[in-house]
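Report on one structure; see the data block that follows.
The values are calculated or read from the model by the stated rules, or taken from the named source; none is laboratory data. Since we're looking at a predicted model, the values are computed, not measured. Cβ sites come from the backbone with ideal geometry, for glycine too, and all protein chains shown count toward neighbours. Side chains included, ligands, DNA and RNA excluded: accessible areas come from the protein's heavy atoms. Shrake-Rupley method; radii C 1.70, N 1.55, O 1.52, S 1.80 Å.
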Amino acid sequence: MSFHFFLKKGILIGKEYGNEEVIGFMGNIIDYISEHGKYTFRHRPLNEVDSLVLCQLVYLNYGPFVKGLMEDGGPVDIQTIYSHPERDRILDDYWYRENNKELFAVAAQSVRFGSLRMNYYENVIHKEGETQFCAMTYLLEDGSCYVAYRGTDATIVGWKEDLNLAFSEPLNSQYLSVRYLDKVAGLVKGDLYVGGHSKGGNLAVYGAMNCSEETRERLLHIYNNDGPGFRPEIRRMGNYEAVADRISKYIPRSSVVGMILEDHSDYEVVESRGVGLLQHNTYSWKIEGTSFVRAKNMRSGKLIMDRAMNEWILSLSQEETHAFVDTLYEVVSASEASNVFEFGADLKKSMQSIFGAAKNVDEDTRKAIQKIIHSLFEILAENIGQNILEKF
C-alpha cells in the first residue's frame, strides 16, 4: 500500500490513490481543542493534553466570575463567562494575553470545554511573604473533579519564588496547596485529578503527598507539567511513595524550571517549538492526536548539566542558599528585563547588566557569590570533565 505524506495547516495527510485520509494532527493546545473539542468527556475521558489545557486556563483571572471556597454561590461554566459583557476582565495582568484570549474563546465554543463548570477560585498574593498561590476546581461531567494549581508567571519575581524551592522549609504556597485540596475534597463527591504547570505542578504533587489519607485515596492522577522537584527532606516529610505511581511529569527538551531539584528519571520529555526558556510556555508544546509528541535523542550533556546543578544546590548550606537566591535576584533584576523570556532573548545584554550590578555589591557578598559559583564549577568539572568544562 503506497502513501505520500505532506504537511498542510498542521495536519498530516495520507493519500492513497487520490483518497485523502487524516492520519495525525500536529499542533498546540489551541489546535487540539479545535480538532477534538467536539467530543465530550463522557465520550473521551480526560487525557494528558486536556490536563495541560486546564492548567493553562487556570492562569486567567476568574475573580469577577467564579466564587471562592468561603463564598456562597454555585459553579459557573466557561460559556457563561464568555457570554458576559465584561469577559475581557478574565485576561487582566498576565503574559501570553493573545494566546490566552484565543484559548479561552476556542474552549468556550467547544462541546468538550464550553459546558465545563468551575468553582472554588482562590487567589492569594502576599509580596512581603513572597507568597503567590492560586487554584480552581473544574467539575467534569463524569462526576470527577480536576483541581488545578496556577504556576508563577514569567516575571522575575515569580522566578525568584521558584528558586525559593531550594530552601529546606516548605513554602507558604505549598502549605496552602494542601489546605485547598482537603477543603475541596470535603465539598465535592467523586474522584479527583490534581495538576498544574510550572510551580503549579510542584504544588499539585506537594498537595497530593501531604493531604489527608481520605483525600489521597480519591486521587486518580497527578499531573506535573514542567514543575520543579523537591529537596530530599521535603519529599521525606510527605507521603510521596503513596502517590508516586499516580504522578505523570512532563518537561520540554530544554527544561530549566522543571529540572530544578529533579532527582529521578520518572518524567517524559516533550517536543516544543520554543527555544531555550521559551519552551516553558505551554503553547509551544507539540501535540499529535490526543498526546504530547515525545522527544527523542536527548543530549547527554544537558542531562549531566542538570544533575550537576541540582547536586550543587543541595551542597549549599541554608545560609548560603538564602544569600545566593536573594543576591542573584537583586543582580538579575539589574538586567532590566521584566520577565525571564526577555532575559533569555538578549542574554549578552542581560549578562553585561548583571556583571555591572555585581560590582556594586559589598565585598563579603561578592566573595560569597564567587565561592558558591566556584563550587558549581567544581561539580561541573567532576561531571563533565575538565577539558569540556574549559571549552564551556
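Here are the numbers:
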quantity: Segment HIS84-SER248, extension gain: residue separation times 0.36 nm, minus the distance between their alpha carbons; calculated: 55.5 nm
quantity: Extension reserve of the SER115-GLU320 stretch, reckoned as 0.36 nm per residue once the Cα distance is removed; calculated: 68.8 nm
quantity: 31 Å Cα-Cα threshold exceeded, pairs from LYS38/LYS183; LYS183/LYS249; LYS189/LYS296; calculated: LYS38/LYS183; LYS189/LYS296
quantity: For segment 168-251, alpha-carbon Rg over 2.2 N^0.38 Å; calculated: 0.98
quantity: Sequence-distant residues sharing a close amide H with VAL124 (under 5 Å, placed H); calculated: PHE133, CYS134
quantity: Segment 109-124 and segment 45-82: distance between their alpha carbon centers, rounded to Å; calculated: 3
quantity: Segment 241-251 - phi-based ³J(HN,Hα) in whole Hz, Karplus 6.51/-1.76/1.60, Gly and Pro as x; calculated: 4, 6, 10, 3, 6, 10, 9, 10, 10, 10, 9
quantity: Carbon + sulfur, % of accessible area of segment 172-219 - ligands and nucleic acids excluded, 1.4 Å; calculated: 45
quantity: Solvent-accessible area per residue, Å², over segment 31-117 with all protein chains present [probe radius 1.4 Å]; calculated: 48
quantity: Other-chain or far-sequence residues with amide H under 5 Å of GLY151's (modelled H); calculated: HIS197, GLY200
quantity: Karplus 3J(HN,Hα) series, Hz, for segment 65-75 with 6.51 cos²θ - 1.76 cosθ + 1.60 (x for Gly, Pro); calculated: 10, 10, 6, x, 4, 9, 9, 7, x, x, x
quantity: Paramagnetic reach from GLU169 (point 7 Å along Cα→Cβ, amide N under 19 Å) across segment 235-256; calculated: 235-238
